[in-house]
There are 4 protein chains.
Amino acid sequence: MSAKSEIRIGLVGYGFIGKVHTLAYQLLPIMYDPFPAKIRLVGVSAASQASTQKGIEQGGYEFGTTDWRELVARDDIDVIDCCTPNYLHKDVLIEAMRAGKHVYCDKPLAMNLAEAREVVSVAQQTGIQHQMTFDYRFSPAMMRARQLVEDGFLGRVYSLRAAYLHAGYIDPDRPISWRLDVAKGGGGALFDLGSHVLDLIRFLLGEYDSVYALTETFIKERPLPGREGGKKSVEVDDLALMTVRMANGGVGTVEASRLATGTNDELRLEIHGSKGALRFNLMDPNWLYVYDVREPGDPIGGGRGFKAIETVQRYPPPAALPGPKFSIGWMRYHIACQYDFITSLVEGRPTSPDFVDGMKVQEVMEAAYISAQEKRWVSLPLD
Amino acid sequence: MSAKSEIRIGLVGYGFIGKVHTLAYQLLPIMYDPFPAKIRLVGVSAASQASTQKGIEQGGYEFGTTDWRELVARDDIDVIDCCTPNYLHKDVLIEAMRAGKHVYCDKPLAMNLAEAREVVSVAQQTGIQHQMTFDYRFSPAMMRARQLVEDGFLGRVYSLRAAYLHAGYIDPDRPISWRLDVAKGGGGALFDLGSHVLDLIRFLLGEYDSVYALTETFIKERPLPGREGGKKSVEVDDLALMTVRMANGGVGTVEASRLATGTNDELRLEIHGSKGALRFNLMDPNWLYVYDVREPGDPIGGGRGFKAIETVQRYPPPAALPGPKFSIGWMRYHIACQYDFITSLVEGRPTSPDFVDGMKVQEVMEAAYISAQEKRWVSLPLD
Amino acid sequence: MSAKSEIRIGLVGYGFIGKVHTLAYQLLPIMYDPFPAKIRLVGVSAASQASTQKGIEQGGYEFGTTDWRELVARDDIDVIDCCTPNYLHKDVLIEAMRAGKHVYCDKPLAMNLAEAREVVSVAQQTGIQHQMTFDYRFSPAMMRARQLVEDGFLGRVYSLRAAYLHAGYIDPDRPISWRLDVAKGGGGALFDLGSHVLDLIRFLLGEYDSVYALTETFIKERPLPGREGGKKSVEVDDLALMTVRMANGGVGTVEASRLATGTNDELRLEIHGSKGALRFNLMDPNWLYVYDVREPGDPIGGGRGFKAIETVQRYPPPAALPGPKFSIGWMRYHIACQYDFITSLVEGRPTSPDFVDGMKVQEVMEAAYISAQEKRWVSLPLD
Amino acid sequence: MSAKSEIRIGLVGYGFIGKVHTLAYQLLPIMYDPFPAKIRLVGVSAASQASTQKGIEQGGYEFGTTDWRELVARDDIDVIDCCTPNYLHKDVLIEAMRAGKHVYCDKPLAMNLAEAREVVSVAQQTGIQHQMTFDYRFSPAMMRARQLVEDGFLGRVYSLRAAYLHAGYIDPDRPISWRLDVAKGGGGALFDLGSHVLDLIRFLLGEYDSVYALTETFIKERPLPGREGGKKSVEVDDLALMTVRMANGGVGTVEASRLATGTNDELRLEIHGSKGALRFNLMDPNWLYVYDVREPGDPIGGGRGFKAIETVQRYPPPAALPGPKFSIGWMRYHIACQYDFITSLVEGRPTSPDFVDGMKVQEVMEAAYISAQEKRWVSLPLD
């Protein structure tokens, strides 16, 4: 045990996603065996005293503060994990990196492309390690899909169809929050949900050539939180529809919606190529569906069809607790993403996805907003 | 055209299933191309004048009668198609066969094993051709399954799980009909639904070694039909549960139920073997699900899983209208079963499934009723 | 019987779809009971003598001709059923209507909007009855969906997601046919598949406000049919991606693809509204999936979710053979569409969908091609 | 914080299931908010020094021992959590209870009914609190199902169909382990998998009236573990098929199989009643499927069908991390089961399921083995 690296964490933002990251840190040593590091949860910062106290009691952090700069300033912290609302990302990340901390950042990277570029520039100057929480890349099915694509399974890519669908905002009385406030979130469904699916497409198929987008805000005002009443106009998109052209020649549609009545957490991805096809749905996460054109289609000799590959807990090896056959749930992706980050730190190998990946997604989202505004195709990369 | 054989049909019983058979005869020449025969719908018999008239108008029969023996007696009829309630099967079939007619019989073959044996005995003496309407054998998925089993796909068979589930009798006010009258139907859910699934198992896996059964009549009396009112006790099973041991060593459960709330026409079949597994559901008829243990399971190289083979309209070749990719419905099985019968007649090749197959299923059902009565395993064949 | 109207059919074009229509005419009298008409298949025309002969032998037409004008000229024909390649529709329909024939036309109505308008103009002058084969409107699930939408089930429509996916052209060696020849087909996947799905959206949600489209021809040349060899360039779209805005304010994506590897005949439709959602997939045709926001979501009292309404054979009443519980296949839609047409003729009530519906779909497709060409949103109606 | 009860855990057996329990203890304080206790992981015992050391490092236990009696003897432990192979359960539980410890025991309770009765007898004498790890009772879908059944949703129960299917032992070269050794495990698939599904049935439908069973060992010998080679005969069942009659009059089949090729962790349960039906599959854990006969079936007014209730993370309230919409995985059930145990301890309310529930399942399994041996129905309760 003494030989193990100690990785000392400072977490900024103890809301929903901060708790999820904390829970994942707690699980790593028992879920991955052997696990190469000793995680120490040193400090947590949050906007209120009550939240920091909760971080200590629930999360097991050694101390709490309402000033995130205190975490950045400490010598006994190696990693700053940024779980704040989007508008704070840039400052937290840049100051942490300048202080020599490795950084782990929940998506999206920043409020816009200019900020994202600034963050990446600092990351590249400081030489620290940086990773994005594009946690769905770590879904066993998506890891398997990536292997297949790299092996040429798809052939020439013709088309894709992707969507990330929630119904969380169908109640018009759901109050305004930072995710609905353009000044704090930077964007709407496109930022919150679209960033994940745009990253997955890039993970599997490479760079975007150009995008065309329509965005829509159906519920144009919502109540202010709290008891006083009053309404506030909503300035971010409830829904974004994109047509994309990839650098590899494939075309497709990408949708992000917070008003997709009847869905829970439904990220769908389908890709059709000349040699094969892939399907995935995050609400049916134990299988990756693949179709292989190379299989014999002749009725006598064979028969083609979509195969439900049992990804379950199987990717990547080595298998983690709870074992290869058990169904997986949403937290798995966060856990696996953080596992990869921590082991990258210990082994000194490049993190992935990193802030450049975060910036690329930011660029596609920015292109989408420009397209929706100007009603024209927008080519990538942006100047 | 002149070179084509003419096959002249006499249909006994113009109820639901008689109409379905008639419809299939009408479709054969356009659905199968080339189709080797010219079908002539010569005569129809039914219990009432009104029904025979309907057979002429709707079905296109040249004449009608309320006396089925009239059909049997005519020289211009080649085939007697028996669609009567079960209690009439034996007489219709035996007299038809003795008159030299080929016979096509809706399942089950007879009221009990003794009758079935008598029918088979006459069939074998007369040398005519005889076929059972075990039409689900002609599902594209089941035809593909049979090919796979013959190719050794399953390896050693461990277990099976089969059920034929309807909800047609959940309303306790549904009146008595011949299917609920032991004197006319001979049995209940086991006869009506179980005969199909027991035949499919035999089609795929061969003979039964022994059976254990429980039968249950949950709704013990039902209204008499018509306006007078009154109730009659129900003497046939609403549900039969069987445990079976196959001659090949596999074991499994088989269920037939008319009270399976929530189901429509749900025949399910799953088989687990040492090398592969099969799944099928008649309400999802376009695919046969197969699992191949021989495929590489290693996460890097491959990945196992159930594959949804696109059977659709593809089995058997040659493809029939409407073409290989279109979804299939329930009538397809009847059409294909009759196609096979008619082409067997034209080509003079053995029919399949024939009355021996019908008798074998009758024997399993009889064994099940003995088992349920005597609460013991019953070995096959019966003496 | 004598009281029944006789409807005398002349069919133009005895290819795949002509056979399907013929088969449906044969089935109507037995599948619908009572059926109000007596169908007489008077004449068939086809390009070749061999095909007309097949129409007589298989289809039961009384006579055949290679000149469709001969059918139009006869007094003993009431209905011209147009099953030719698209480039012939206009002439066949206009001449038939001018001769006082009722007309039934396979989709799309014409080669372009100008032709479609001309056809509609003649239809309105002559006062005959005219119907389009938008047969998926007659899917039990879609009929049920229409009822629900009319009852206000969806509330305010937010978004839709529709696609009609085939994989029929993934083999680059599949030869050119009229469907790939712009001079004969007028369009590609958008015409062939898109017309169906664009009509269904309109059937459920009303008129389009504007469209944005991208079309793509991935396989740019294909072999000529026959033995001589040689290649020909493909000028029609393999795939069309559309973003649509409906007059009701909803937005969505619509896709038509002939290169959707792994699909067979997969028409999908999803609609999200403020009060409910609908899902349908033509390869799972026995159910319409509905989600009702009005249901109690509280864990104690209820629980929301998609319900798989058993449409099966149940819509519309009266139930047809084979009865309410049996699975349906692709031919059902054609049969039901023609049933509606024939009963409209007999009862003298307006046909639906009619050529105005056909023209409206033509207009959306034309707008899509303009949009793809000019890379801009195109508003409807077109001038 | 100071007001919270401290619950001090001693874990016996740090194999797979011991690790899962440990992981769950770690998660409770962050997943449930508020969480009423402070969990202290005091001691772990395991067969080897290496395992206890792992328990300390990975699991965070304060100390380790290879003698479980040391845990039982300590004053600073409140709960003994028993995760040993089955043959040790009785001694661990009885000694722990006699020492005044509360006990939490992985299923099955004991090696046979006699042992189970002895354990229950001690539990009742000592007055401590005791709970079984029938963790699937805590699946959100099963909790919702229980509420529905209690509300009379099913009406009269007609039939059930249940199975717990794994494929873990299809490789005949998988070595012998304690689970295949009758002296250490007490039973085979019936014990390991059947105990779960038999408990779930009882949880939803009450007591068993009688059972009939067939058990089978297909792979009759397996390699010894380690390098020396050699084979050992397998004396426990690979598969058990049961026909059950419930005290409420319903009948059904129950299967447990370790050789169900193609399955991973597939617990299935279907119940058909006069008023409703339920379906559940553990590999599709986010939904409970319900069918309500009371809904209007008339095509105009409504439409029945199975509804996929979104159970996801929603049952029971209060919602736990990660929030109501996210997909759940296998570990959730263990976590929720232990949450219920710990809160019962804190609140001093009865635990459930308790050892009486464990004994009842043991009794059904014993009846099944008697039935399989003597080939007769066995009534419950056993003498």
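The values are calculated or read from the model by the stated rules, or taken from the named source; none is laboratory data. Note that this is a predicted model, so its numbers are computed, not measured. Note that we place each Cβ from the backbone using ideal geometry, even for glycine, and neighbour counts take in every protein chain shown. Side chains are part of the model used for accessible areas, which takes the heavy atoms of the whole protein and leaves out ligands, DNA and RNA. Shrake-Rupley method; radii C 1.70, N 1.55, O 1.52, S 1.80 Å.
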Can you tell me which residue within the stretch C:16-52, out of those that are under 17 Å from the mean Cα position of the chain (by Cα) and without any contact (Cβ under 8 Å) to a residue 40 or more places away in the chain, is surrounded by the fewest Cβ atoms within 10 Å (Cβ to Cβ)? C:16
Residues in the stretch B:337-383 that are farther than 19 Å from residue B:240 by Cα, open to solvent by 10 Å² or more (accessible area, probe 1.4 Å) and β-branched (Val, Ile, Thr): how many? 3
Scope the stretch C:211-238; condition in a loop (DSSP other than H, G, I, E, B) and of a type outside the set (A, V, I, L, M); matching residues: C:217, C:218, C:220, C:225, C:226, C:227, C:228, C:229, C:230, C:235, C:237, C:238
Which numbered condition residue C:243 misses (of (1) touching a residue at least 24 places away in the same chain (Cβ under 8 Å); (2) more than 30 Å from residue A:169 (Cα to Cα)): (2)
Condition check for residue B:257: within 9 Å of chain D (Cβ to nearest Cβ), in contact (Cβ under 8 Å) with a residue 40 or more places away in the chain and in contact with a strand residue (DSSP E or B) (Cβ under 7 Å, 6 or more places away or on another chain): yes
Quick check: anything in the stretch C:238-251 within 14 Å of chain A (Cβ to nearest Cβ), open to solvent by less than 10 Å² (accessible area, probe 1.4 Å) and over 20 Å from residue A:255 (Cα atoms)? yes
Would the stretch C:109-132 turn up any residue that is within 20 Å of the chain's Cα centre (by Cα), closer than 30 Å to residue C:279 by Cβ and assigned to a strand (DSSP E or B)? yes
For the stretch D:202-221, state whether one or more residues are out of contact with any helix residue (DSSP H, G or I) (no Cβ under 7 Å at 6 or more places or on another chain), at pLDDT below 95 and hydrophobic (A, V, I, L, M, F, W, C). no
Among (1) touching a Ser or Thr at 6+ places or on another chain (Cβ under 9 Å); (2) surrounded by fewer than 18 Cβ atoms within 10 Å (Cβ to Cβ), residue D:118 falls short only on (1)
Index of the failed condition, residue B:55 passing every other in (1) within 14 Å of chain C (Cβ to nearest Cβ); (2) small (Gly, Ala, Ser); (3) open to solvent by less than 10 Å² (accessible area, probe 1.4 Å); (4) not in a helix (DSSP H, G or I): (4)
Complete set of residues in the stretch A:98-108 that are part of a loop (DSSP other than H, G, I, E, B) and closer than 16 Å to residue A:14 by Cα: A:107
Taking the stretch D:254-277 on its own, how many of its residues are more than 18 Å from the chain's Cα centre (by Cα), under 25 Å from residue B:213 (Cβ atoms) and either hydrophobic (A, V, I, L, M, F, W, C) or open to solvent by 10 Å² or more (accessible area, probe 1.4 Å) (or both)? 6
Within the stretch C:74-97, can one find any residue that is open to solvent by 10 Å² or more (accessible area, probe 1.4 Å), within 21 Å of residue C:27 (Cα to Cα) and part of a strand (DSSP E or B)? no
Which members of the stretch C:131-148 meet the condition of being touching a Leu at 6+ places or on another chain (Cβ under 8 Å) and either away from every other protein chain (no Cβ under 14 Å) or farther than 26 Å from residue D:303 by Cβ (or both)? C:132, C:134, C:137
So residue D:303 passes all but one of these: (1) more than 14 Å from chain A (Cβ to nearest Cβ); (2) surrounded by 23 or more Cβ atoms within 10 Å (Cβ to Cβ); (3) modelled with pLDDT of 90 or more; (4) farther than 27 Å from residue B:304 by Cβ. Which condition number does it fail? (3)
Checked the stretch D:161-210 for anything within 21 Å of residue D:249 (Cα to Cα), in a strand (DSSP E or B) and among the aromatic types (Phe, Trp, Tyr); matches are D:208
Can you confirm whether the stretch B:151-169 contains a residue that is surrounded by fewer than 19 Cβ atoms within 10 Å (Cβ to Cβ) and more than 13 Å from chain D (Cβ to nearest Cβ)? yes
Is it the case that residue C:13 is touching a residue at least 40 places away in the same chain (Cβ under 8 Å), over 22 Å from residue C:98 (Cα atoms), small (Gly, Ala, Ser) and open to solvent by less than 40 Å² (accessible area, probe 1.4 Å)? no
Per the list (1) touching a His at 6+ places or on another chain (Cβ under 9 Å); (2) of a type in the set (Ser, Thr, Tyr); (3) farther than 30 Å from residue D:273 by Cβ, residue check on residue D:164 breaks on (3)
Restricting attention to the stretch B:58-73, which residues are on the phi < 0 side of the Ramachandran plot, assigned to a loop (DSSP other than H, G, I, E, B) and open to solvent by less than 50 Å² (accessible area, probe 1.4 Å)? B:58, B:59, B:61
Scan (1) open to solvent by 10 Å² or more (accessible area, probe 1.4 Å); (2) part of a loop (DSSP other than H, G, I, E, B) for the single condition residue A:146 breaks and write down its number. (2)
Can you tell me which residue within the stretch D:204-236, out of those that are open to solvent by less than 30 Å² (accessible area, probe 1.4 Å) and within 30 Å of residue D:150 (Cβ to Cβ), is nearest to the chain's Cα centre (by Cα)? D:204
Here are the criteria: (1) touching a residue at least 60 places away in the same chain (Cβ under 8 Å); (2) within 30 Å of residue D:331 (Cβ to Cβ). Tell me which single one residue D:225 does not satisfy. (1)
Being of a type outside the set (A, V, I, L, M, F, W, C) and more than 11 Å from chain B (Cβ to nearest Cβ): is that true of residue C:18 here? no
